[in-house]
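Engineer: I'd like to ask some things about the structure below.
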Amino acid sequence: IDGIDTAHKLCILSALAFEIKPEYKSLRVAGIRNVTAKDIGYAQELGYKIKILGISRCIKNKIFQSVEPCLVPADSNIGSVEGVFNAVYVEGDFAGTGLSIGRGAGGAPTASAVVADIIDLARGHKVLPFGIPAAEMKKAAPAGTDEVFSRFYMRLEVVDRPGVLADVSAVMRDHNLSIEAVMQRGRDPDKPVSIVLTTHAVRQSDMEKAIARMAGLKASIEPPHLMRIESF
């Protein structure tokens with residue numbers, strides 16, 4: 001629910017990929033606890049599914065790591081991963097992209113992995129868990145949100161009155177955020193309505209500053225809901 005299991009797996013994968021020490025505290029972790037039926041419905045309407053992803057990227061020799069629910073294309077391979085299946089998507093400078101999918105939970109898959117480890121021990125097979133000696137693993141230099149660019153989905157719950165959308169657009173403009181699409185659902189002055197926005201690729205720090213301002217708008221009745229959009 002809170003992304004903790006995914007975060008521990010990401011620590012291991014980041015260590016394997018970038019030869020860095022696995023440090024849980026260096027991750028940005030958010031689970032699916034605040035994802036609502038509204039968000040699932042709007043994602044479907046936009047052609048996406050919501051998946052919790054562990055993301056690790058090397059940006060100018062710095063490592064960005066996060067665990068969070070993201071929108072992915074519904075017709076993508078990642079979008080089709082359901083149930084106990086997990087997927088690992090890898091992108092390399094020269095090797096291109098690769099995707100591995102398999103069962104990541106359940107009694108039989110877990111038992112198979114444990115027995116395989118026991119057999120290796122019995123046979124005297126010794127390998128370095130991360131490919132290099134632990135002493136040679138380096139501490140990751142974390143990438144800041146001002147170095148990360150992404151597309152975003154945002155949902156606002158607001159009082160339905162004239163000028164609200166203009167106020168939201170003004171905040172987006174002030175923080176150099178480019179809107180890709182906008183939807184507004186509902187028309188009832190006595191009930192909150194949803195405004196849903198998707199953006200082009202923008203700086204994450206700018207998006208977070210805009211969200212903080214939108215939360216303070218008079219028409220806003222709850223904190224904005226924000227999720228990254230990832231394409232595969």
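Engineer: For residue 218, which lysines qualify as cross-link partners when the Cα separation must be under 25 Å and same-chain residues fewer than eight apart are set aside?
Structural biologist: Those lysines meeting the cut-off are 38, 191, 209.
Engineer: Additional query: For a quick check, take a GNM of the chain with Cα springs below 10 Å and name the residue from 116, 212, 134 with the largest mean-square fluctuation.
Structural biologist: Maximum among the listed residues: 116.
Engineer: Further question on the same structure: Which one, 74, 124, 199, is farthest towards the positive end of the dipole of the chain when Lys and Arg carry +1 and Asp and Glu -1 on their Cβ?
Structural biologist: 124
Engineer: Another question, then. Check cross-link reach from residue 9 to the lysines: straight Cα distance under 17 Å, and skip same-chain residues fewer than eight apart.
Structural biologist: Cross-link targets: 21, 25, 51.
Engineer: Among (1) 0.94; (2) 1.19; (3) 0.99, which is the computed Cα Rg over 2.2 N^0.38 Å?
Structural biologist: It is the one labelled (2).
Engineer: Another one. How many percent of the accessible area of the range 30-146 is carbon or sulfur, using a 1.4 Å probe? Present the calculation step by step, with values, prior to reporting the outcome.
Structural biologist: On the way: 4320 of 7620 Å².
Solvent-exposed carbon and sulfur of the range 30-146 make up 57 percent of the total.
Engineer: Follow-up. Take residue 179, project a point 7 Å from its Cα along the Cβ direction, then tell me which residues of the range 195-211 have their backbone nitrogen under 11 Å from it.
Structural biologist: Residues 195-199 qualify, since their backbone N sits under 11 Å from the label point.
Engineer: With +1 assigned to the C-beta of every Lys and Arg and -1 to the C-beta of every Asp and Glu, and no other charges, what is the dipole magnitude of the chain about the Cα centre in debye, to the nearest 20? Write out the running numbers ahead of the final one.
Structural biologist: Working: 28 positive and 27 negative charges, 62 e Å.
Approximately 300 debye in magnitude.
Engineer: Going highest first, how would you order 67-74, 169-176 by mean Cβ packing within 10 Å? The partial results should precede the final answer.
Structural biologist: Working: 67-74: 21.0, 169-176: 15.0.
Packing proxy ranking, top to bottom: 67-74, 169-176.
Engineer: Hey, can you find the accessible area per residue of the chain for me, probe 1.4 Å, expressed in square angstrom? Present the calculation step by step, with values, prior to reporting the outcome.
Structural biologist: On the way: 13630 Å² over 232 residues.
Using a 1.4 Å probe on heavy atoms only, each residue of the chain averages 59 Å².
The values are calculated or read from the model by the stated rules, or taken from the named source; none is laboratory data. Remember, predicted model here, so these are calculated numbers, not experimental data. In this analysis, Cβ positions are derived from the backbone assuming ideal geometry, glycine residues included, and neighbour counts consider all displayed protein chains. For accessibility, only protein heavy atoms count, side chains too; no ligands or nucleic acids. Shrake-Rupley method; radii C 1.70, N 1.55, O 1.52, S 1.80 Å.
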